[in-house]
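These notes concern the structure reproduced below.
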Amino acid sequence: MKKIILSLMLTAFMAVPALSATWSAVDRVPTVGSQILSKNGLPTTTKFVVTETAVVNSTSNTNNELYIQKSDLGYTGNDNEVAAVIAQELGTIINANASKKKFVSNIASAFAGSLETEEAQNRAILLNQISLNSMSEKDQMNADITGIDLMIQAGYNPLAMIVVLGKKPGTTWEVMTGKLNNIKRTTYIFDYLTYNYPSKIQAGYNCQEYRNFLAYIEPTITERNSSKRALKKFQKTQAKLKKERAKQIAKYKATGGLNGWDASYQILKNLSEQSEVKK
């Protein structure tokens, strides 16, 4: 009898690696994505498309497709981390980041074209690019925490987003100064969770990457918590962020995915096309 039990245990043990080897981030995208959409009351007709190259998700409202870059999925190792990649892309759409950029870029291009000298035009184009780059960093961080709200509502561990971003390549400055990859974004997420979802911080995330992150930011957290002024500012900022995220998601649901930037861009596009036709 003992031999039979031992044989069954060995068989089960040997089967675990085989089962885990069948897990595929690409294959999990439709299931995980559908879970995030349905649990958050978002359009479930959206089709998830894994791409080899980066595609800006600015047309998802019209073609019902959400593009997920395959290389991003390469930094995932379970469903929670796949959810982090998908939720971040959804956060970008809900916050209208792509639409906002298109609108600003078109306005700036039109302005540059109206200038008389080539030097003035080049200067205007350069300033536009700087503005978009600055907007991009802020938009990324806000898309992250919008994605955090979506992950939590769908039942996924939001700390997985910190892990995924930590696996992705950091900036040259981070490498040169010995900082963790994408530390500004991951700290922003951690702060948001600390104030708005403390139970998620307490639950933790069992992997070495997350433990490394905690060890790195511990001195910063300790210093902030020891200052009443810094702590009060932190609490005020996080409460405001939570309200903004909730408002943005509610607006996205209420309008069926259409937002002011989308509408403004479409109006601008129509006017541009009419102008070209007249010419």
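Values for this structure:
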quantity: Any chance Ala215 is within 17 Å of Asp191 (Cβ to Cβ) and modelled with pLDDT under 90; calculated: no
quantity: Qualifying residue in the stretch 164-182 (condition: among the aromatic types (Phe, Trp, Tyr) and at pLDDT below 90); calculated: yes
quantity: Any hit, the stretch 184-200, residues being among the aromatic types (Phe, Trp, Tyr), modelled with pLDDT under 90 and either touching a helix residue (DSSP H, G or I) at 6+ places or on another chain (Cβ under 7 Å) or in a loop (DSSP other than H, G, I, E, B) (or both); calculated: yes
quantity: Selected residue (criterion: surrounded by the fewest Cβ atoms within 10 Å (Cβ to Cβ)) from residues of the stretch 149-176 that are assigned to a loop (DSSP other than H, G, I, E, B) and not charged (D, E, K, R); calculated: Pro169
quantity: Among the residues listed as Thr62, Thr31, the single one being of a type in the set (S, T, N, Q), part of a helix (DSSP H, G or I), modelled with pLDDT of 95 or more and exposed (fewer than 14 other Cβ atoms within 10 Å of the Cβ); calculated: Thr31
quantity: Filter result for Thr22 (surrounded by 13 or more Cβ atoms within 10 Å (Cβ to Cβ) and either under 30 Å from Glu209 (Cα atoms) or modelled with pLDDT under 50 (or both)); calculated: no
quantity: Members of the stretch 191-249 found to be exposed (fewer than 12 other Cβ atoms within 10 Å of the Cβ) and within 19 Å of Ala143 (Cβ to Cβ), listed by number; calculated: Lys240, Lys243, Lys247
quantity: Unique residue being without any contact (Cβ under 8 Å) to a residue 24 or more places away in the chain and closer than 16 Å to Thr76 by Cβ when the list is Asn225, Asn181; calculated: Asn181
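The values are calculated or read from the model by the stated rules, or taken from the named source; none is laboratory data. Quantities reported herein were computed from a predicted structural model and do not represent experimental measurements. Please note: Cβ atoms are built from the backbone with ideal geometry, for glycine as well, and neighbour counts cover all protein chains shown.
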